[in-house]
Amino acid sequence: MAESSQLEVWLRGPLPDMTAELQPLAHALLQAREEVNELTRSFPEELLWKTPGPVATVGFHLQHLTGVLDRLFTYARGEALQASQLEFLAEESKPNQARLTLAYLQEKFNNQVELALIQLRATDKNQLTATRLVGRAKIPSTMLGLLFHAAEHTQRHVGQLLVTIKIIENQNRK
């Protein structure tokens with residue numbers, strides 16, 4: 001039998017204080033957090049904003065992972081985005097190397113996952129199909145739709161982050 005810590009998060013059992021309907025979302029976010037931390041553990045700081053061809057930088061993915069979780073969970077609560085969130089969105093693809101270090105971006109993502117888990121634990125499962133409006137256009141969705149999209153979008157960017165890191169590491173070996 002494999003060590004519990006070697007298993008993917010979803011195979012480690014249910015999370016305490018998490019409704020069964022939201023367990024898969026929480027597992028996906030926890031898995032993403034583990035993978036991001038592992039992928040970036042020894043990543044060279046000086047390559048954070050390197051563009052490896054026509055793909056986004058590692059720094060962008062780390063910023064976007066944090067920002068998209070924040071925005072989608074805000075919509076899931078039935079709230080509109082605040083000015084600070086819109087500013088963060090506008091800055092996601094702009095490297096600010098003095099402020100946005102690897103350690104800072106890792107910490108922000110880890111904290112955002114923790115906030116998402118707190119929100120999931122407090123979510124009333126009877127409200128999962130409640131209508132929620134997205135963006136300035138107020139496109140209708142549901143709370144569950146937003147929460148699910150947050151988890152799958154996070155996983156998608158973790159996959160892109162993995163590929164980007166592998167490309168950059170390969171380029172630097174040459």
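Quick note: the coordinates plus some simple rules give every number you see, no bench work behind them. Here the structure is a predicted model, which means the values were calculated and not measured. Cβ atoms come from the backbone with ideal geometry, glycine included; neighbour counts cover every protein chain shown.
Data overview
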| read-out | value |
| --- | --- |
| Rounded, prolate or oblate (a/c below 1.5 giving rounded, otherwise prolate when a/b exceeds b/c) for region 20-173 by Cα gyration tensor | prolate |
| Helix 23-40 axis, angle to the chain major axis (alpha carbon atoms, nearest 10°) | 10 |
| Estimated FRET transfer efficiency (Ala137, Tyr104; beta-carbon r; R0 45 Å; 0.05) | 0.90 |
| Glu8-Asn111 pseudo-label distance in nm [points 7 Å out on the Cα-to-Cβ vector] | 3.0 |
| Nearby aspartates and glutamates by direct alpha-carbon distance to Lys50 (threshold 17 angstrom, same-chain neighbours under 8 apart not counted) | Glu91, Glu92, Glu169 |
